[in-house]
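Down below is the structure, laid out as structure tokens.
The values are calculated or read from the model by the stated rules, or taken from the named source; none is laboratory data. Values in this document were obtained by computation on a predicted structure and should not be read as measured data. Here the Cβ is made from the backbone with ideal geometry for all residues, glycine too, and neighbour counts use every protein chain on show.
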Amino acid sequence: MSGDAQKSDEEWRAILSPEQFRILREKGTERAGSGKLDKHYSTDGDYHCAACDAPLYKATTKFNSGCGWPAFFEAIPGAVTRHEDRAFGMVRTEITCTACGGHLGHVFKGEGFKNPVDERHCVNSVSLTFKDEKGSEVKG
């Protein structure tokens with residue numbers, strides 16, 4: 001884990017729902033299509049870490065990948081850290097919140113999406129909250 005927003009498991013359990021704890025702290029995955037933010041689109045605002053509130057993605061980088069999870073082609077610089085993930089007999093790139101180390105999801109490259117980097121950050125909706133420029137919030 002990295003960053004300044006470090007807490008014990010007991011502290012995280014006190015502020016996160018059981019599902020948020022399972023995903024953000026235990027590297028779980030929500031069921032495809034189950035998250036509120038999968039089909040949420042806005043042109044203004046940012047997606048933040050549901051654990052520590054750090055801004056992670058600009059709304060303008062979200063796209064419809066059809067995968068069942070929110071998809072972004074680019075994180076806010078320095079907001080997301082990449083790690084090699086060798087779980088389940090494969091090699092993937094895990095992404096975590098740089099500020100608190102919370103598990104967000106995985107990055108996939110070269111899938112042919114028409115975005116500037118041909119990359120998909122596949123993020124668990126429950127790992128995010130959306131805040132628009134007027135201060136309204138939508139939780140994943």
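In the range 85-140, the qualifying residues are those that are of a type in the set (Asp, Glu) and assigned to a strand (DSSP E or B), and the one that is nearest to Asn64 (Cα to Cα) is Glu119.
Scanning the range 75-84 for residues that are part of a loop (DSSP other than H, G, I, E, B) and either in contact (Cβ under 8 Å) with a residue 24 or more places away in the chain or within 14 Å of Thr29 (Cα to Cα) (or both) yields Ala75, Ile76, Ala79.
A residue that is among the polar types (S, T, N, Q) and either modelled with pLDDT under 95 or touching a helix residue (DSSP H, G or I) at 6+ places or on another chain (Cβ under 6 Å) (or both) occurs somewhere in the range 38-54. Among the residues of the range 32-74, those that are among the small types (Gly, Ala, Ser), touching a residue at least 40 places away in the same chain (Cβ under 8 Å) and either farther than 21 Å from Leu16 by Cβ or part of a helix (DSSP H, G or I) (or both) comprise Ser42, Gly45, Ala59, Ser65, Ala71. Would you check if there is a residue in the range 73-92 being of a type in the set (Gly, Ala, Ser), on the phi < 0 side of the Ramachandran plot and surrounded by fewer than 14 Cβ atoms within 10 Å (Cβ to Cβ)? Yes.
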